Amino acid sequence: MLMRRNVLIAYWIVSVLIVALIIMMLVKDLSVSRALFVATMFLPGALAAQYMLPKISFKRKAEGIRNTVYLVLAIILLEYLLLVWTLCFQSFSYTRYIQGANYSFPFEFPEDTGVFNPLFISVVISGLAIGGSLIDRWLMRNHPEMENPITFCSDRKRVSLLPSQILYVESCDTEVFIHTSDGRKLRNKTGISQWESALGYPFVRIHRSFLVNGNYMTQVDSDSVLVGEESLPVSRKYQKLQH
């Protein structure tokens, strides 16, 4: 777990350096320290995008789209506030460079608007968030020893499992059962939708009652999947499986 965390920290450090370099290319005569300071302000938005956007549910399509728009607008607003805050630490000449000569017309791109350009902000945040997600998925797929354990209560006992130890989660009325690779069946009261958000990739929802670890699916048919020795149904709503 510590190694996985170190890899992710290294990714974000390198990302900040790259963004700082890009800012120095766009903003003339900006020092390295000032460029790094401005680049660091993109981290909160990128982290929010990486970890919050995948948690939005699209069970109700209109609601999912609305929540996505609200979150994106909130992230962009957050970035503007952070970038405005950085101006308190810049001289007037640097402020003009960062805002750009024509910052009152923010869609004139590239160098006229500086780093306050909404397109520039969106591209940087998207790039950082997508890169972080891809690295996180690669680590989870190729280095399961780096996984973060999931801790929950089962029959009044505290249990910790690595996601790779879970075959599938089964919902039964007001409780769920966690089926593990070593044959255990653990009872829990947390809803399956919350398990879906907590586990994320590579878990796949195949039915309103089943959440399956994609790494354990050995056979996939139109109406069922084979997980270990168990054949689980696939409802019509969830037929588009993510492998």
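The values are calculated or read from the model by the stated rules, or taken from the named source; none is laboratory data. Here the structure is a predicted model, which is why all the values come from computation and not from measurement. We place every Cβ from the backbone using ideal geometry, glycine too, and count neighbours over all the protein chains shown.
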Quiz item: If a residue has to be in contact with a Gly (Cβ under 9 Å, 6 or more places away or on another chain), assigned to a strand (DSSP E or B) and under 23 Å from residue 134 (Cα atoms) to count, how many in region 204-240 make the cut?
Solution: 1
Practice problem: Have a look at 66, 60, 5 and point out the one that is surrounded by fewer than 15 Cβ atoms within 10 Å (Cβ to Cβ), at pLDDT below 80 and within 20 Å of the chain's Cα centre (by Cα). | Solution: 5
Quiz prompt | Qualifying positions in region 126-149 - at pLDDT 75 or above and acidic (Asp, Glu) | solution = 136
Quiz item: Looking at this structure, is residue 184 without any contact (Cβ under 8 Å) to a residue 12 or more places away in the chain and not acidic (Asp, Glu)?
Solution: yes
Exercise. List every residue pair whose Cβ atoms sit under 6 Å apart, with the two residues 6 or more apart in sequence or on different chains, where the first one lies in region 2-28 and is of a type outside the set (S, T, N, Q) and the second, anywhere, is at pLDDT below 90 and not in a helix (DSSP H, G or I).
Key: 24/30; 26/111
Exercise. Would you confirm whether any residue within region 139-156 is in a loop (DSSP other than H, G, I, E, B), over 27 Å from residue 235 (Cα atoms) and without any contact (Cβ under 8 Å) to a residue 24 or more places away in the chain?
Key: yes
Self-check item: Matching residues in region 7-51 - criterion: being farther than 18 Å from residue 129 by Cα, of a type outside the set (Lys, Arg) and not in a helix (DSSP H, G or I)
Solution: 27, 29, 30, 31
Quiz item: Which residue out of 201, 168 is closer than 28 Å to residue 133 by Cα and under 20 Å from the mean Cα position of the chain (by Cα)?
Solution: 201
